[in-house]
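Worksheet: the structure to be examined is printed underneath.
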Amino acid sequence: MFRKKKKIKPETALEDALNQEMIVHNMPKDPKLSGAYSSGSSPISANEAAPPSESQKNPTKSRSNFKAVGFIIMASGVVVIAALVYLSYRFIIAPAAQDKTPNMPIAADNGKSATTVPITSDLASTTELSTATPAVVDLATTTVATSSEKIASSTNPLFPDSDYDGLNDGEEAILGTSPTMNDSDSDGYSDFAEVISGYDPSGSGKISANANLASYTNKTFNYDILYPKLWPIQALNDNATVIFNAPDNSLIQISVQDNPDQASILDWYEQSFPGTTVTYDQVRSTYSWEGIMGESGLNFYITDKNRKNIIVISYIPAVEGRIAYPTIFQLMINSLFIK
């Protein structure tokens, strides 16, 4: 009737207890309970988090690294910008600035700079080339300079005066006269004397008839002037400045400016060059203008009869002290006619 109780083998009970113990010790570790164990530590399971990185261990050091990188980037940007600015100046701004040659001021008289004659010329900025017109300048009413007047003298060893007539050999070539004959047309007057008096040294007639000269007409300021026909002309500042280029690179420049006070040339000169004493006997007068030579002999200052403008005729040598065409300079002054 009664079944016999099944006996539990001691080995089976022991195995169950061990299995239960292994289950307890292999449970995943709860981080909230990690401090609940009084002693020892639980074995690390496969699901436990990886060790902290270097940046997690030292956040201050990480921030310093970011700052260093940012500084390097900013410094590199400054260097690049500076390089761009330098390259722009070197290859864009500087070349543009170099296209412009320095202004050539009127030569100072006796070491003094004119206070009201800041007329300059800029050859690099020439935008207009003037052409000569066939107008004829009548010198019959012109009071010309004598050989005793102070004018720039030639000190150019390249152009000696072989026949000692007052025209150097370079000027003889320009006018078509003989450098070995002081009277090329054999009329009894030296070549120099004829040029200064307004006559053609290579033949009969007035100097305007010389085949090697031409007349330039400035329609803006209404004047005519003779010049060597092979010399290039440049007109600047709406014809207020006209430059005649000589073969040795020297220049003869004509500049025009207002005469707002309508001063006589004597008064204007004394106001423009304070401390300079001039007398009326130094003033030259023609039918259309009155003028005075500056102390250097390189600038001749003129005002028209109505005293509307001041005209300055300047000799600008290519080399200081080397005046290659002094008589041509005087010829051009003498030939100026203001309409």
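The values are calculated or read from the model by the stated rules, or taken from the named source; none is laboratory data. These figures come from a predicted structure and were not determined experimentally. FYI the Cβ positions are ideal-geometry reconstructions off the backbone, even for glycines, and counts take in every protein chain you see. In case anyone asks, the SASA skips ligands and DNA or RNA and just uses the protein heavy atoms, side chains included. Shrake-Rupley method; radii C 1.70, N 1.55, O 1.52, S 1.80 Å.
A few comments on the model shown:
- Cross-link pairs exceeding 20 Å in C-alpha to C-alpha distance, out of Lys206/Lys308; Lys206/Lys305; Lys219/Lys308; Lys305/Lys339; Lys219/Lys305, comprise Lys206/Lys308; Lys206/Lys305.
- Rg to Rh quotient for the stretch 256-339, alpha carbon positions, Kirkwood Rh: 0.96
- Here Ile233 and Tyr280 are evaluated by their C-beta separation; at R0 = 25 Å the FRET efficiency comes out at 0.15.
- Cα convex hull volume per residue for the stretch 180-339 (Å³): 135 Å³
- Taken one residue at a time, the phi angles of the stretch 244-252 give Karplus couplings (6.51, -1.76, 1.60, θ = phi - 60°) of 10, 9, 7, x, 8, 6, 6, 10, 10 Hz. Gly and Pro are set to x.
- Length released on extending from Thr180 to Ala68, taking residue separation times 0.36 nm less the Cα-Cα span: 31.7 nm
- Accessible carbon and sulfur surface of the stretch 206-297 relative to its total accessible area, %, 1.4 Å: 47 percent
- When only alpha carbons of the stretch 185-233 are considered, Rg and Dmax amount to 12.5, 41 Å.
- Rounded FRET efficiency, nearest 0.05, which uses the C-beta distance separating Asp261 from Thr220 and R0 of 25 Å: 0.70
- Net lengthening on full extension, Val78/Gln271 (0.36 nm per residue, minus Cα-Cα): 64.0 nm
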